[in-house]
Structures are given as C-alpha cells and as structure tokens.
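To keep things clear, I will list the structure first and then write my remarks on it.
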Amino acid sequence: MRKSWLVCVLLGSLAWAQAPQATPPPARSNPMAGAEAPEAADTAASVPPEAAVLTIIGVCPQKAVTTKSTAAKSTAKGTKTASTSDCKTVITKAQFEKLANGLAPNMTPQLKRQLVGVLPRLMALSQAAQQQGLEDSPQFKETMKFARMQILTNELQRKVQAEAANVPDSQIEEYYKQNPEAFEQYDVDRLFVPRMKQIQAEKLDSNEKVTPEQEQQKQNEQRAKEEQAEQEMSKLADTLRARAAAGEDFMKLQKEAFDAAGMKIESPTVNLPKVRRTGLPPGHAAVFDLKVGEVSQVINDAGGHYVYKLVSKEQLPLDQVKNEIHNTLQSQAMRDAMDKYQNSYKVETNELYFGPAGPGGGPMMPPRPGSTPRPHLAPPPTASSAPSQPAPKSN
C-alpha cells in the first residue's frame, strides 16, 4: 500500500513537472524498434555506502538555506548570504537509501529511479519556497497538520502490518488442525447438460404480410417449443445421471448430452483440474461431501444441469499450505487490529453545512492493510481451483 502511494506521488510530480513542455519532435526510425531491451544488471550492491549517488548543483544543503526574514537580518548586520548558484548538495548511497526506506521499505530499483528523477526538482522548488518564507504561511501550516496525520496513519498501518506478520508456527498448526476440510483437494468428473436445445426460429417470408395476431401466435408456438425442449433436457439429465451412477463413461455421456442439445461445439472435458472447496460455485458444494466413486444428484442452476463423480480425495500436507495459512492469519490479524482503531470513534456532521450524505456519501474510510478483493467464481461449466480460507475458528 505504501509503495502504491509513493508511485502516485512520484508519477503525479513527474506529470506536473512535464506538463508545460513543448511537443517533442518526431522520433527517428529505429531499426531495433519492437525488440525487447535487455534489463540492465543491478549493480547497486557494489557501490559503497559513502559514495555519492546524486549531486544537485544549485541547491544548497538544508542548513545553508535562508528565508526572507533571516536573509534580511543577515544583510542588516552586514553578513553575506550564500547564493544558490554557489551551492551543491551531495547525497551518498547511505543517505539516499535511508530516505527511500523511510518512504517505502524494500523499495524496488524501478521506484528508486523514479525517486531520483523527482527528488532534485522537489529539493530545488522547496528551497525556493523556503527562501520566500512560504513555510511560515498559514496555508502551509494547515497543510502540514493534515500531512502529518496522513503520515502517522501510514506509520500505524505499517506497524500493524509488521506485528501481524509475526504468526507463530503453533498458531499455524492449530489452524490447520481446526480446519481440515479447507485443505482437502478433490479430483472430480463433471457432466454438463445444457438447459436448452439449440432451436432455430422459423424465418418469415419477407413478402408475406403478417398480422399482429399471427405474429403473437408464432411467438407463442416458439415459446412452447422452447419449454418442451427445456423439459426434454431436464429429463435427459436425470437419465444420464442414472447411467453415470451405473458406471458408464462420463465422456460418452457428455457427448450424448451435447448431441441431444444440438451443440455444434466440442463437448467440454469432463475431468476437472484438482479443486478445493472454494473451487466450485456454492450451489455445487454438496459434491465435496460425496464418497470416493459416488455420483451426485443432478444439480440445476441457471447455466444448466450438472452431475459430478468424486474420483479421489486427498489431504494437503501442512508444509504445502503453511504459507497460505500464514497469509490468512496475518490478514485476519491486520483486519482485527485496524477494525479496533476504526471503530473507536463516531462521526457527526452538520448537514446544514455539508448537506445530506446521500447514497455513498458517508465518511471516507482508509483501506485496511492486507485487504484484498474476494476472488470471483466463474460460472460453470468452467471451475476455478483458487483456494480461499475460512476465518479461524474461535477456541
């Protein structure tokens, strides 16, 4: 989250700085255009900490910057102030990395390159603002109050995230034991029977005049055909399910289902990739309660009719899912901690001043660290095998 915030700041600063530039001249033809440029080797580790990595000529070191008021006092006393043209700021590797880590721990080389592109401009313009005494203006002071609150909020979230990452192995093992069904992996066959047959509507002669009554009659006839075809496919699903339970091959039954529906596309593969309990739609979850070799009842939904057979079931070992459980417990700890802070206050606003909140007009809440969107379950006949963990059971 801190990295994405930094990217927004850096890119925003770059865009602001580059906005007034003139339109660049047309680019020359490059015979290597389209070829992928090789990534430059990362040689940062070979640079000693005391080596200079950024030199900004014309920007004074922070201690040498004088404001309008201090410059006036120095002039009155006959003291000469340093000219920015005589100044030079040298930043070593150690100083730059300290700054980078303060903005975003473990900053990537790409972000460091963006930072070094923005930093000189920020230093030069902020120095000019200081010399003009803008840091003493009421607007600057109020802005700093708000910025301080934002930074402190980021630091709190960073602290919560670091503390939540310390998940002991004993807690991971306990979660694994308390939620065995979450780490079962299933090998299933699935038979899909379309809900509708492919029925083509009768084409009318363009020269034939049709009265509204005749048009309504044709629509009723077409609707009756569709309803009959839907009933036939439902009966077919029951028949194929009985044959599957008797041991017939799912591939053979799948082809029959598509032929009966008039489907011109190739029938889908009946053996799904290995799935966890979150890998199928919630309405199909009864499949995971089958015994090995058992065939499910027909499951009906908007997509069609489904029949499953449980081929095998296995328990994933703890070593294989340890990182997954760690991330689950870490996210839960982060949510609990941030909820405690965010539920510690109430808000009352003056509607006469702000106006009514309206739909979606409530107070803005900062994103919780570690919060991620829930995975979207694709509708059948395609199944997802991405696992998702239940909340830890309370002791």
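Some notes on this structure:
- Between K177, K141, the distinction of being more than 34 Å from the chain's Cα centre (by Cα), of a type in the set (D, E, K, R) and not assigned by TED's automatic domain parsing to the domain that holds S267 belongs to K141 only.
- A182 being within 43 Å of the chain's Cα centre (by Cα), surrounded by 18 or more Cβ atoms within 10 Å (Cβ to Cβ) and within 30 Å of K340 (Cβ to Cβ): yes
- Which numbered condition A337 misses (of (1) in a helix (DSSP H, G or I); (2) without any contact (Cβ under 8 Å) to a residue 60 or more places away in the chain): (2)
- Taking the criterion of being closer than 24 Å to N179 by Cα and surrounded by 15 or more Cβ atoms within 10 Å (Cβ to Cβ), the residues of segment 275-295 that qualify are V275, R276, R277, T278, G279, L280, P281, H284, V287, F288, L290.
- Residue in segment 189-205 that is surrounded by 10 or more Cβ atoms within 10 Å (Cβ to Cβ), assigned to a helix (DSSP H, G or I) and not aromatic (F, W, Y) present: no
- Residue in segment 171-190 that is farther than 26 Å from N323 by Cβ and at pLDDT 95 or above present: yes
- Reported count of residues in segment 144-156, each being touching a helix residue (DSSP H, G or I) at 6+ places or on another chain (Cβ under 8 Å) and at pLDDT 95 or above, is 1.
- Among the candidates P120, P168, P105, the residue that is out of contact with any Cys (no Cβ under 7 Å at 6 or more places or on another chain) and surrounded by fewer than 11 Cβ atoms within 10 Å (Cβ to Cβ) is uniquely P168.
- Of all the criteria given as (1) buried (at least 17 other Cβ atoms within 10 Å of the Cβ); (2) under 40 Å from the mean Cα position of the chain (by Cα); (3) in a helix (DSSP H, G or I); (4) not small (G, A, S), the one not satisfied by M251 is (1).
- Flag if P317 is out of contact with any Asp or Glu (no Cβ under 9 Å at 6 or more places or on another chain) and over 20 Å from D238 (Cβ atoms): yes
- Scope segment 74-102; condition charged (D, E, K, R), surrounded by 12 or more Cβ atoms within 10 Å (Cβ to Cβ) and at pLDDT below 60; matching residues: none
The values are calculated or read from the model by the stated rules, or taken from the named source; none is laboratory data. As the structure is a prediction and not an experimental result, all values here were calculated from the model. Every residue, glycine as well, gets a Cβ built from its backbone with ideal geometry; the counts of neighbours run over all protein chains shown.
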